[in-house]
Amino acid sequence: KSQSTIEAHFLGGQFAAYGLFGKLDSSGNFSPLASSDTAVYGLLVRAYPTQSASNAQGTATPAASGPADVLRRGYMTVTCNAGTAVKGAQVYVRVANGTTQKPIGGIEAVADGANTIAPTNVIFMSAADASGNVEISHNI
């Protein structure tokens, strides 16, 4: 959508997948979230077009360093890893006790105590499909 703002940042750590929230670390690099984080900076966006083989959503592994695209404001289709997404409802982001099914920085529709945070201005734009794919808005 034309309302998106995407910035280029250097990565400061290994993300489990694209479409996960991260933060700016003390060096100004875009890094995975930690359990002490209370806010997000943006979403890691897979560059397009890409020269690699075609991968399904959530299966490509980002590099641990180098430049990357970060969605600061806009809409993005992501995977809802827990709960039932409802249009207009708060998005929760996992910051602790990550698993393969619930990665750090991942999107969830239910709070999980200290394991998730509720970033401001991040909501679901619809219900998720059968595979958990759902559109969210960030900083709109």
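Using +1 at the C-beta of Lys and Arg and -1 at the C-beta of Asp and Glu, which of F15, G74, Q101 has the Cα lying farthest in the positive direction of the dipole of the chain? Comparing the listed Cα positions along the dipole, G74 ranks first. Amide H contacts under 5 Å for G83: A109, restricted to partners 5 or more places along the chain or on a different chain, H placed in the peptide plane at 1.01 Å from N.
Sequence-ordered 3J(HN,Hα) estimates for segment 128-140 from the Karplus curve with 6.51, -1.76 and 1.60 and θ = phi - 60° stand at 6, 7, 4, 8, x, 6, 8, 8, 10, 10, 10, 6, 9 Hz, glycine and proline given as x. Between G74, G28, G42, the residue with the greatest mean-square fluctuation in the GNM of the chain (Cα pairs under 10 Å linked by springs) is G28. GNM on the chain, alpha-carbon springs under 10 angstrom: the most fluctuating residue among G88, G12, G113 is G113.
Can you tell me the accessible area per residue over the chain, all protein chains present, probe 1.4 angstrom, in square angstrom?
Accessible area per residue, the chain: 51 Å².
Counting only trypsin sites (Lys or Arg not before Pro) that DSSP places in a loop and that have at most 11 other Cβ atoms within 10 Å, the longest clean stretch of the chain runs over 2-86. Once backbone amide H atoms are built at 1.01 Å from N, L20 has L44 as its partners under 5 Å, excluding neighbours fewer than 5 places away on the same chain. Charges were assigned to the Cβ only: +1 to each Lys and Arg, -1 to each Asp and Glu. The resulting dipole of the chain about its Cα centre is roughly 140 debye. Comparing Q14, Q90, Q101 in a Gaussian network model of the chain (Cα springs below 10 Å), the most mobile by mean-square fluctuation is Q101.
Split the accessible area of the chain by element, probe 1.4 Å, and carbon with sulfur accounts for 50%. 3J(HN,Hα) along segment 83-92: x, 10, 5, 10, 3, x, 7, 4, 8, 10 Hz, from the Karplus curve 6.51 cos²θ - 1.76 cosθ + 1.60 with θ = phi - 60°, whole Hz, x for Gly and Pro.
The values are calculated or read from the model by the stated rules, or taken from the named source; none is laboratory data. Since the structure is predicted, the reported quantities are computational estimates derived from the model, not experimental observations. No Cβ is skipped: glycine too gets one built from the backbone with ideal geometry, and neighbour counts run over all protein chains shown. Just so you know, the surface numbers come from the protein's heavy atoms only, side chains and all, with ligands and any DNA or RNA stripped out. Shrake-Rupley method; radii C 1.70, N 1.55, O 1.52, S 1.80 Å.
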